Amino acid sequence: MDPFWRLIVPATTQQKSLMDIHPRELKSFVGDLPTLPIVFQELFTRMQDPNAQVSELAEIIAKDPALTTKILKLVNSAFYGQASQITTISRAVIIMGFQAVRSAALGVSVMEQFKNLESASEEFDIPSFWRHSIGVSCLAKQLSIVLSVNEPEDAFVAGLLHDVGKLIMLQHFAEDVDDLTRAAAEQQLTWRACEEVLFPTNHASIARALFRAWSFPANVVEAVSCHHNPEAASRHATLASLVHVADFLSYHMECPCPGAVPPRTHAKDAAKLIDLTPDLAREALERATDELDEALEILKLLD
Ligand SMILES: [Fe+2]
Ligand SMILES: [Fe+2]
C-alpha cells in the first residue's frame, strides 16, 4: 500500500504487505498458513525415521484413497520412467525405493495445497508457473543423471518446488506481486532482483519457512532455500547448485517463469561444484526437452 494511504486507512483494515514482513517474522507468518492434511504430516514425520517399515508407510497413505491415486499417477508418470505400471504404494516402495515415493508424496502434497489458487495478477499466470516448475524439475533430474550427482528423485522434487514461495506471495500479497511484475517490466529486472529492491524477504526464504513448518526433508528445504544463491548452502550445496543451473537452463527450454525477465547468467561456482561442462549441459537440456511434453501430464494432478 502507498505510504500516503497507510496514514489514512485504519491499521486494522490495511492488508498486510510483504514490505512489512521481516525475515525473522516468517516463522510466525507461515504458522498462520493452512497446515498440510494430517495424512501428509504423519507420512513425513514417519519417513524421517530410518527404521520405518514399508507396510507402515503404505498404511498411512492408504488412509486417503485420493492421495494414493495421485501418488501412483506421479510414480507412473514420465518423471520416473517405469517400464511397467505400478498399482500399489507398497509395490512402488519396493521397486523404486523409499526416496522416490517420498519425493512423489512431497510433490503431490504441495500441488494439492495450491491447486485451487487463481492468479489476480495479469502478469503471473498459474499454468505458466507450473510449466516452468515442471521444466526445472525435468532439467534438475537430467542434470543429476548426466553429472552423476545427487539422487534424481531429490533433484526432481526440489526442481518442482523451487519457486513455490511465489505462489504464497501471490496468495497472500497479490498487490505486492503486481508491484513487482510492473517494476520488472519497467526496469527489465529479474524476479529476485525486484524482491531485493522492494521487500525485506524473498520467495526462497518464504518457501524455506513453509517447508520447515511442514517437516520436509532437510536437503529439499536447503536446495529450495538456496536456489538463487547456492554458495550459501551448507550441507546440500550440490542439490542447490543443480536446481540453480536447471532454473537458468529452463529459460532456454521455452518454460520461463512468468512475471519477470530471465536471469542473464548463473553462478559460476555452482556449475564448477557439479562439474558442469557445455556438452553435459546440452545433453541434459536435450533429454529434458524430450521428456517435457510427457512430464506436463502431471498437471492433471491439479484438476
Ligand atoms: Fe526462484
Ligand atoms: Fe524458477
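Here His236 does not fit the description of being more than 18 Å from Ile21 (Cα to Cα), crowded, with 17+ Cβ neighbours inside 10 Å and within 13 Å of ligand 2 (Cβ to nearest atom).
In the range 103-138, of all residues being part of a loop (DSSP other than H, G, I, E, B) and touching a Gly at 6+ places or on another chain (Cβ under 7 Å), the one that is farthest from ligand 1 (Cβ to nearest atom) corresponds to Glu123. Of the helices (runs of 4 or more DSSP H) lying entirely inside the range 190-281, the ones with 3 or more residues being farther than 27 Å from Arg24 by Cα are found at 237-250, 268-273. Note on the range 35-76: among residues that are farther than 20 Å from Phe216 by Cβ and of a type in the set (A, V, I, L, M, F, W, C), the one that is surrounded by the most Cβ atoms within 10 Å (Cβ to Cβ) is Leu72. Among the residues of the range 182-226, the ones that are without any contact (Cβ under 8 Å) to a residue 24 or more places away in the chain, of a type in the set (S, T, N, Q) and surrounded by 20 or more Cβ atoms within 10 Å (Cβ to Cβ) come to 1 in all.
Among the residues in the range 188-203, are any of a type in the set (Asp, Glu) and either away from ligand 1 (no atom under 16 Å from the Cβ) or under 20 Å from Trp130 (Cβ atoms) (or both)? No, there is no match, as no residue in the range 188-203 is of a type in the set (Asp, Glu) and either away from ligand 1 (no atom under 16 Å from the Cβ) or under 20 Å from Trp130 (Cβ atoms) (or both). Scanning the range 210-234 for residues that are away from ligand 1 (no atom under 15 Å from the Cβ) and aliphatic (A, V, I, L, M) yields Ala213, Ala218.
Rule-based calculations on the coordinates, nothing more; no lab input. Just so you know, these numbers come straight off a predicted model, no measurement behind them. All Cβ positions, glycine included, derive from the backbone under ideal geometry; neighbour counts span all protein chains shown.
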